[in-house]
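The values are calculated or read from the model by the stated rules, or taken from the named source; none is laboratory data. Please read all numbers here as calculations on a predicted model, not as lab measurements. So basically every Cβ, Gly included, is an ideal-geometry build from the backbone, and we count neighbours across all protein chains shown.
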Amino acid sequence: MNGGQIIAKVLQDHGVKFLFTLCGGHISPIFVSAKELGIRVIDTRHEANAVFAADAVSRLTSVPGVATVTAGPGITNTITAIKNAYLAQSPLVLLGGAAATILKGRGSLQDINQMSLMRPNVKWAVTISKVKDIIPTLEKAFAIAQEGVPGPVFVECPIDILYGEELVREWYGIKSKDVPPKNIQEYAIQWYVNWHANRLFEGKNSAEFGRVRSFTYPNHSSSEVDEVVAKLKKAKKPVMVVGSGAAMQPNKINELAQAVKKLGIPVYLSGMGRGLLGKDNELQMRHKRKEAIKESDLVVLAGVPNDFRLDYGNHIGHRPFISINRSKEDLFKNKKPTIAIHADPQDFLVDLSQKFQGNYPDWLSALKSRDLQRESNIDQQAEDNSNGMNPIALFRKLDPKLSDNTILVADGGDFVATSAYTLKARSPLSWLDPGVFGTLGVGAGFALGAKLVYPEKDVWIIYGDGSAGYSLMEYDTFVRHNLPVISLIGNDACWSQIARDQIEILGSDCALGLAHSNYEMIAQAFGAEGARVENLTEFEKVAEEALEKSRKGIPYVINAIIGKTEFRKGSISM
């Protein structure tokens, strides 16, 4: 077996079903061998999207997603996506090509110091220097990606560990023993090259397949559960916030949902927590979280740090709060909890629900009343159609058309943030956004991974017209691999989230303008379908057509020409 075949077999042993890539000679044996073993190989049009797709698979399954990219620019193109996965605490494995071990630092094609680039952006970075090290290195990589606080790992795979020994020796220029060296210099070179090849391939058949290393993460104690129970029993107006850190075990996500329902505490859902309780649940609040926290007498943060989203802890102020987090850094970020539980939030809440069931009818009623008031206010703002199709009204029209079998991918600024107020995630793990890094460009990659994991579901990308520019080329990928994704582009010919504040503060629209471009034609160019819509009546018809076409296997782009609103004025994050 060559190194590529060994890698493919290890991926298979770890339950990997999809391998994302953009081809390159440095890594060809990996994806060719993976396909031969029945792993579905998806080739993208940009390396970042291969990693974003692997990230989505990681978030939706209990198996780390895997991407493989070529050396040099292939690696550098993944940096943003890898850092996004790191900050989002997504476990994935990136296999990177590299120059031959014998040519490192000698000016080989695409040879750069990749390790110095990757180390700060991953949990673990390692170079494989011998074929016999492939299996144990990958086994360790999968374990590290998942243990403790999950995250990406990088495994550098030099080209000469991937191809067959005979071919590599030929590349090295190793001469037959029947051809004696002409001089002492040639003898020394041949000796070194032969020694290096022997070292590279020694023991290549000694490692064993089929071993999957176990991994651990911090666990809570029963006394910690009891301590929290005692605190909750005294609370009259508790509030819970559940975020992505509570969704690190996708295979057990329904257990978390049931636990949250049993606890009976009013809850705000964020990140991968969106959709946890379904479309409508009396415990879930959608609006005025800051006000609810400030009126509460106890706050429970489950997988949520006190970062900018909670105003660095200022929303909580001096009131008592409980924090549960796998990450010790996030547990104590900006504010020391009254009770700090260094453990998996999902496991903790499940156990907590076995010992505590709360009931807060008056508190729930007060929060729900404020929620309804905010919904009424949003409805009023949706009626403003003075300058084109109102994005709030558009989402109000779209939401009833979404089936319970829908995954929403958020990729953008103002338009996407508006959708977060107006579209309801349908089920657990049905909302994908970049996370704390706020990265533009995740859309196509996330949708790619989501549609592969859940081919029976409707997958929508909610794009801003700015963010769409990062990955619309992947409609070629969607068509070639029969992945019928729908994209809704909010096209106001502007970088609106930046424009609203920049123009007011700096008095300039420099670098903010786009055009009402015909983005739907990009889909059509690749064999998909799409339409441009400029009023709500057209939009409703086209949304229904998009669903019909996608369910017949045709990807679709809706280019929605929208007007500008003041809905999110003053929402800039610092």
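Just to verify a result, which residue in the range 69-112, among those that are β-branched (V, I, T) and assigned to a helix (DSSP H, G or I), is nearest to P152 (Cα to Cα)?
The selected residue is I82.
Any residue in the range 58-67 that is more than 12 Å from the chain's Cα centre (by Cα) and assigned to a helix (DSSP H, G or I)? Checking the range 58-67: not a single residue is more than 12 Å from the chain's Cα centre (by Cα) and assigned to a helix (DSSP H, G or I). Among the candidates I102, I7, the residue that is surrounded by fewer than 24 Cβ atoms within 10 Å (Cβ to Cβ), among the hydrophobic types (A, V, I, L, M, F, W, C) and either in the same structural domain as V436 (by TED's automatic domain parsing) or farther than 27 Å from M272 by Cα (or both) is uniquely I102. Taken together, the residues in the range 521-545 that are closer than 17 Å to P391 by Cβ and assigned to a helix (DSSP H, G or I) amount to 7. The set of residues from the range 277-305 being within 23 Å of the chain's Cα centre (by Cα), among the charged types (D, E, K, R) and within 21 Å of L232 (Cβ to Cβ) is empty. Tell me yes or no: at least one residue of the range 35-50 is part of a loop (DSSP other than H, G, I, E, B) and crowded, with 23+ Cβ neighbours inside 10 Å. Scanning the range 35-50 turns up at least one residue that is part of a loop (DSSP other than H, G, I, E, B) and crowded, with 23+ Cβ neighbours inside 10 Å. The residues of the range 420-441 that are of a type in the set (S, T, N, Q) and not in a loop (DSSP other than H, G, I, E, B) amount to a single one, T422.
Of the residues making up the range 277-294, those that are touching a residue at least 60 places away in the same chain (Cβ under 8 Å) and assigned to a helix (DSSP H, G or I) are E291, A292. You will find that of S573, S550, S487, S508, the residue that is at pLDDT 95 or above and part of a loop (DSSP other than H, G, I, E, B) is S508 and no other. Looking at this structure, is E186 modelled with pLDDT of 90 or more, among the acidic types (D, E), over 32 Å from the mean Cα position of the chain (by Cα) and surrounded by fewer than 17 Cβ atoms within 10 Å (Cβ to Cβ)? Spelling it out, it is not the case that E186 is modelled with pLDDT of 90 or more, among the acidic types (D, E), over 32 Å from the mean Cα position of the chain (by Cα) and surrounded by fewer than 17 Cβ atoms within 10 Å (Cβ to Cβ). Being small (G, A, S) and either assigned to a loop (DSSP other than H, G, I, E, B) or free of Cβ contacts under 8 Å to residues at least 60 places away in the same chain (or both) is the requirement here; does A444 meet it? Taking the combined requirement at face value, the residue does not satisfy it. Listed by first and then second residue, the pairs with beta-carbon distance under 8 Å, at least 6 apart or on different chains, first residue in the range 325-340 and touching a residue at least 12 places away in the same chain (Cβ under 8 Å) and assigned to a loop (DSSP other than H, G, I, E, B), second of a type in the set (S, T, N, Q) and crowded, with 18+ Cβ neighbours inside 10 Å, are R326/Q89; S327/Q89; K333/N306; N334/N306; K335/N306; P337/S323.
Rundown of residues vs (1) within 21 Å of the chain's Cα centre (by Cα); (2) at pLDDT 95 or above; (3) closer than 20 Å to L367 by Cα, yes/no style:
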{"position": "L256", "(1), (2), (3)": "yes, yes, no"}
{"position": "A259", "(1), (2), (3)": "no, yes, no"}
{"position": "G264", "(1), (2), (3)": "no, yes, yes"}
{"position": "D307", "(1), (2), (3)": "yes, yes, no"}
{"position": "R319", "(1), (2), (3)": "no, yes, yes"}
{"position": "I324", "(1), (2), (3)": "no, yes, no"}
{"position": "K336", "(1), (2), (3)": "no, yes, no"}
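Among the residues of the range 113-126, those that are surrounded by fewer than 19 Cβ atoms within 10 Å (Cβ to Cβ) and not in a loop (DSSP other than H, G, I, E, B) comprise M115, S116, L117, R119, P120, W124. Checked against (1) surrounded by 12 or more Cβ atoms within 10 Å (Cβ to Cβ); (2) modelled with pLDDT of 95 or more, A230 meets all criteria but (1). Counting only helices (runs of 4 or more DSSP H) that sit completely within the range 164-276, those holding 1 or more residues that are within 26 Å of S369 (Cα to Cα) and not assigned by TED's automatic domain parsing to the domain that holds P64 correspond to 222-234, 253-263.
Going by the conditions given, is K9 part of a helix (DSSP H, G or I), more than 23 Å from the chain's Cα centre (by Cα) and under 29 Å from Y470 (Cα atoms)? No, not satisfied.
For A444, the criteria (1) surrounded by 22 or more Cβ atoms within 10 Å (Cβ to Cβ); (2) farther than 26 Å from A54 by Cβ hold in every case but one, which is (2).
It is to be established whether one or more residues within the range 297-317 are polar (S, T, N, Q), out of contact with any Pro (no Cβ under 8 Å at 6 or more places or on another chain) and buried (at least 21 other Cβ atoms within 10 Å of the Cβ). Yes, the range 297-317 contains a residue that is polar (S, T, N, Q), out of contact with any Pro (no Cβ under 8 Å at 6 or more places or on another chain) and buried (at least 21 other Cβ atoms within 10 Å of the Cβ).
If you go through the range 391-449 and pick out every residue that is closer than 19 Å to W495 by Cα and among the polar types (S, T, N, Q), you end up with 3. Checking S108, S116, S129 one by one, the residue that is hydroxyl-bearing (S, T, Y) and within 26 Å of the chain's Cα centre (by Cα) is S116 and no other. Flag set for V41, criterion: touching a Ser or Thr at 6+ places or on another chain (Cβ under 9 Å), free of Cβ contacts under 8 Å to residues at least 60 places away in the same chain and in the same structural domain as A141 (by TED's automatic domain parsing). Inspection of the range 474-490 identifies no residue that is out of contact with any Phe, Trp or Tyr (no Cβ under 7 Å at 6 or more places or on another chain) and small (G, A, S). Looking at the range 553-570 only, could you name the residues that are at pLDDT 95 or above and of a type in the set (S, T, N, Q)? N559 - this is the single residue of the range 553-570 that is at pLDDT 95 or above and of a type in the set (S, T, N, Q).
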